[in-house]
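Peer 1: Before we start, here is the structure in question, set down as structure tokens.
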Amino acid sequence: MLYQKFIKQTHAKIQKTHRLFAVIAFIGLFFYQHLAHSQQYVIVDSENGDRFTGIWRDGTETHFEIEYQEQILRLPLMGHTLTFISDIANVPDRTAAKYFRNGIMLLELKMPEKAMNRFEAAIEEFPRYPAAHYQLGLLYKANDDNINALERFRSVAILDAANFDLVPHFREFGDAALADEAYAEAVDNYQLILKYYPEHESVPGLSYITGFLLVEQLENYDAGLPLLESARQQYPNMASHEKAFFLIGKLQAKIDQLETALYTLQGFIMRYPVSEWVYEAYLTRAEVNLKLGRTAEARNEAAQVYEMSVDEAIRERAKQILDQTEWTVYTQADDLPDNRIQAIAADGTDGTQLWVGTPNGVMLFETKFNNWIPIPNDVPKLINSATEKVPDVRAIAANSEEVWVGTRSQGAIHYNKLTGEIQVYSPVDEYPAWFKDIKMDDADIWFATDKGVVRKIRGTVDPPIVYNRRESFIPVDKDNIETLLLTPTTLWGASPDGDIVTFDRETDEWDSYRSTEIREGTAIVGFDTAEDQLLFTWYNAAEKANGYFRADLDGLNGKSTTLDIGIEDANDLKNIYIRGILDNTPIVSEENETPPVETPDPPTSEFSPETELIEEEIPPPPPPTPLVLWIATNDSFYTYHTRPDEWENTTTPQIVSGELIINALIVVNNRAWIATNNGLAAINIR
């Protein structure tokens, strides 16, 4: 059975009148000659033991011609064995050739196992022996050992693909792997055909198939995208061209080749206006325009799909994009020093001026009446040039008289609006290097740093006070303080490790804060106050959850609410910020509400002290002040109404398509401003 398979795969119409080995080689030559891409060499082995190598010139059914030592020799096929090669370096020595001929003879004698040993011996003697690799590949394949067969055929392709038609073998292996959903194995086989047989008739179809597998199944965009682009250009009349055209544009958008994606998708829409992917192409273009800050273009693309499509899923996606166009995203194109926004603070008498901090310094803008105008003064330039290098800004605080800027490695910078003076508080002056948060009022300026809490008392010339574990016994595991909150009576602070500390401003005493609502391992991200309530956001890495905490200003009556759970990405887990105001929304009673039923007064009875005590009730505590809360995460911007028994959860549309990191949030003048790693986003609050 093994021998029969070998004969079927190796020989073609053997002429019974000629010597077996010579005819096999001759027929093989005519079968594969059209694949040759280089000079054809032939090794001639004679029955008398002579052996020489020449350049093939011509052949008939009885004779062949070769060029040998600059002469043309015409020799009979009878009595000679011919072996064809494309590379002279692949000419085996006599010992290897002898092993190979013995292997062929053993196959004729129906002894495939012994033949395999001879072929292996030939390769051991001469590793660059393509014919021996090929025969072993056929034998492995006949034994259903496709792994070893593929490796042998791969060696043949590397050594001398031109003289061996390996396409049927690679295609068979690839199709079998594809049927078994072994996509990487299928791609491996198909790529061998594309690489070593680029002129084969199966290459156009395989180019598309392989590209789709690389992109859709293996997500190998670096290999798949160029292959699909090449197939689209070389084989535009294939049925797969339409899908490839669309997929190329979608992938370009995915890997942030944004302008190229817009061009590709527009070309796709023009060529295939009724394609099943045409709406997807419009929506992808809309998402790309959002990333580029082209809100009007994005709105037009999404609106077109929303009006034309009858598919509810497509319409819903278009609606989401239309909602996202409510956001305005400011970038370097709008005079920001950097797209990575790390701090924001409102300034001015009406809060319309906006300080923006980046790794490349600060900038000041006027935002009144939804404008975005860089303020034409030299203050940002003075601040940015106050340190040895442009400051990496991590915190900003401003009021009518001054601006404080905290940096990552160069301390703090102070700008006095009244005098125009700039002063730097740097590590050279024994100040901490990293100022992470700044809070101030009429009495003090407080700084959260990597060396503890720094306090500067107004109206004194005393040096700032540094509170840490060593000098002031601040109750934290490390001196690193991440964020602060200042109230008239208390300073709140939180470390990255989850420690919450308080400082009583009347007694000058530090304390730890604990609440049964705050679970072990919870870290605090940011604080805020709203009316008479304390707010802060938190995350718990062990539980993969985040949320917010609300309590009275003294920390009593606290309640923690989980927002998202099952968050795997550390950035999505940690980046959560909160702001709140009083909720003045009127309570609307439900329609058809049943009026209360009047009941007669109970019969009178004689008074007794016991009865009076039983009937006397302790009044319940007043409900917490209803608030409107805004919470920003990497994925969404949430609006919460906390009115008791009327809980609302309205998710404002995602800021932009794609991944973002949120670094800060403020709400001022009915606009929410969100600092992200890709611009400053703003939305009007309804």
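The values are calculated or read from the model by the stated rules, or taken from the named source; none is laboratory data. Please read these numbers as outputs of a predicted model, since none were measured by experiment. Because the Cβ atoms are built from the backbone with ideal geometry, glycine has one as well, and the counts that use them run over all protein chains shown. For accessibility, only protein heavy atoms count, side chains too; no ligands or nucleic acids. Shrake-Rupley method; radii C 1.70, N 1.55, O 1.52, S 1.80 Å.
Peer 1: Please determine, by comparing only the residues of region 361-380 that are of a type in the set (Phe, Trp, Tyr) and either in contact (Cβ under 8 Å) with a residue 24 or more places away in the chain or touching a helix residue (DSSP H, G or I) at 6+ places or on another chain (Cβ under 9 Å) (or both), which one is least open to solvent (accessible area, probe 1.4 Å). Lay out the reasoning, then the answer.
Peer 2: Step one: list which residues in region 361-380 are of a type in the set (Phe, Trp, Tyr), which gives 365, 369, 372.
Keeping just the survivors that are either in contact (Cβ under 8 Å) with a residue 24 or more places away in the chain or touching a helix residue (DSSP H, G or I) at 6+ places or on another chain (Cβ under 9 Å) (or both) gives 365, 372.
On the way: Phe365: 0, Trp372: 41 Å².
For region 361-380, the residue satisfying everything is Phe365.
Peer 1: Scan region 489-503 and give yes if some residue there is in a loop (DSSP other than H, G, I, E, B) and either within 23 Å of His414 (Cα to Cα) or among the basic types (Lys, Arg) (or both), otherwise no.
Peer 2: The first filter runs over region 489-503 and keeps only residues in a loop (DSSP other than H, G, I, E, B), leaving 489, 495-499.
Retained after the next criterion (residues that are either within 23 Å of His414 (Cα to Cα) or among the basic types (Lys, Arg) (or both)): none.
Scanning region 489-503 turns up no residue that is in a loop (DSSP other than H, G, I, E, B) and either within 23 Å of His414 (Cα to Cα) or among the basic types (Lys, Arg) (or both).
Peer 1: Quick check on region 438-460: of everything there that is open to solvent by 10 Å² or more (accessible area, probe 1.4 Å), of a type outside the set (A, V, I, L, M, F, W, C) and within 41 Å of the chain's Cα centre (by Cα), which residue is farthest from Val393 (Cα to Cα)?
Peer 2: Step by step, filter region 438-460, then rank; the result is Lys451.
Peer 1: Of the conditions (1) more than 24 Å from Ile576 (Cα to Cα); (2) in contact (Cβ under 8 Å) with a residue 60 or more places away in the chain; (3) among the acidic types (Asp, Glu), Glu388 clears all except one; give me its number.
Peer 2: Of everything listed in (1) more than 24 Å from Ile576 (Cα to Cα); (2) in contact (Cβ under 8 Å) with a residue 60 or more places away in the chain; (3) among the acidic types (Asp, Glu), Glu388 misses just condition (2).
Peer 1: Need pairs with beta-carbon distance below 8 Å; first residue within 11 Å of Thr210 (Cβ to Cβ) and within region 170-187, second open to solvent by less than 60 Å² (accessible area, probe 1.4 Å) and of a type in the set (Ser, Thr, Tyr); sequence gap 6+ or separate chains.
Peer 2: Once the first residue is within 11 Å of Thr210 (Cβ to Cβ) and sits in region 170-187, its partners that are open to solvent by less than 60 Å² (accessible area, probe 1.4 Å) and of a type in the set (Ser, Thr, Tyr) give Gly174/Tyr190; Val187/Thr210.
Peer 1: Let me ask another. Please list, ordered by first then second residue, the pairs with beta carbon atoms under 7 Å, 6 or more apart or interchain, first in region 462-483 and free of Cβ contacts under 8 Å to residues at least 40 places away in the same chain and open to solvent by 100 Å² or more (accessible area, probe 1.4 Å), second assigned to a loop (DSSP other than H, G, I, E, B) and aliphatic (A, V, I, L, M).
Peer 2: If the second residue must be assigned to a loop (DSSP other than H, G, I, E, B) and aliphatic (A, V, I, L, M), the pairs left are Arg469/Val476.
Peer 1: Residues that are open to solvent by 50 Å² or more (accessible area, probe 1.4 Å) and either of a type in the set (A, V, I, L, M) or out of contact with any Leu (no Cβ under 8 Å at 6 or more places or on another chain) (or both): find the helices (runs of 4 or more DSSP H) completely inside region 105-174 holding 1 or more of those.
Peer 2: 112-125, 146-160
Peer 1: Next question. Name the residues in region 544-570 that are loosely packed, with under 15 Cβ neighbours inside 10 Å and not hydroxyl-bearing (Ser, Thr, Tyr), would you?
Peer 2: If the condition is that a residue be loosely packed, with under 15 Cβ neighbours inside 10 Å and not hydroxyl-bearing (Ser, Thr, Tyr), then Asp552, Asp554, Leu556, Asn557, Lys559, Ile565, Gly566, Glu568, Asp569, Ala570 are the ones that fit.
Peer 1: Still on this structure, please answer the following. Can you go through Pro463, Pro391 and tell me which one is assigned to a loop (DSSP other than H, G, I, E, B), closer than 23 Å to Trp510 by Cα and not aliphatic (A, V, I, L, M)? Please lay out each step first, then the result.
Peer 2: Working: Pro391 fails: closer than 23 Å to Trp510 by Cα.
After applying the criteria, what remains is Pro463.
Peer 1: Which residues, taken from region 326-360, are under 14 Å from Leu680 (Cα atoms), outside any strand (DSSP E or B) and either open to solvent by less than 10 Å² (accessible area, probe 1.4 Å) or not acidic (Asp, Glu) (or both)?
Peer 2: Trp327, Thr331, Gln332, Ala333, Leu336, Pro337, Asn339, Arg340, Ile341, Gln342, Pro359
Peer 1: Something else about it: Would you check if Ile581 is surrounded by fewer than 19 Cβ atoms within 10 Å (Cβ to Cβ), modelled with pLDDT of 85 or more, outside any loop (DSSP other than H, G, I, E, B) and not polar (S, T, N, Q)?
Peer 2: yes
Peer 1: Go through (1) touching a strand residue (DSSP E or B) at 6+ places or on another chain (Cβ under 7 Å); (2) open to solvent by 30 Å² or more (accessible area, probe 1.4 Å) for Glu185 and report which single condition fails.
Peer 2: Every listed condition holds for Glu185 apart from (1).
Peer 1: Residues being surrounded by 16 or more Cβ atoms within 10 Å (Cβ to Cβ) and farther than 24 Å from Thr642 by Cα: count how many of those fall in region 514-543.
Peer 2: 1
Peer 1: Give the number of residues within region 388-428 that are surrounded by fewer than 19 Cβ atoms within 10 Å (Cβ to Cβ), under 19 Å from Ala343 (Cα atoms) and among the acidic types (Asp, Glu).
Peer 2: Total satisfying the criteria: 1.
Peer 1: Could you check, for region 409-417, whether at least one of its residues is assigned to a loop (DSSP other than H, G, I, E, B), at negative phi and out of contact with any helix residue (DSSP H, G or I) (no Cβ under 9 Å at 6 or more places or on another chain)?
Peer 2: no
Peer 1: Here's another thing I want to ask about it. Looking for something in contact with a Pro (Cβ under 7 Å, 6 or more places away or on another chain) and small (Gly, Ala, Ser) - is there at least one such residue anywhere in region 433-454?
Peer 2: yes
Peer 1: Within region 275-297, can one find any residue that is at pLDDT 95 or above and closer than 30 Å to His200 by Cβ?
Peer 2: Scanning region 275-297, I find at least one residue that is at pLDDT 95 or above and closer than 30 Å to His200 by Cβ, so the answer is yes.
Peer 1: If you take the residues in region 471-491 that are more than 26 Å from Leu665 (Cα to Cα) and among the charged types (D, E, K, R), which one is modelled with the highest pLDDT?
Peer 2: So the residue we want is Lys478.
Peer 1: Please state which one of Ala296, Ala239 is surrounded by fewer than 19 Cβ atoms within 10 Å (Cβ to Cβ) and farther than 20 Å from Arg317 by Cβ. Walk me through how you get there before you give the answer.
Peer 2: Working: Ala296 fails: farther than 20 Å from Arg317 by Cβ.
Answer to the check: Ala239.
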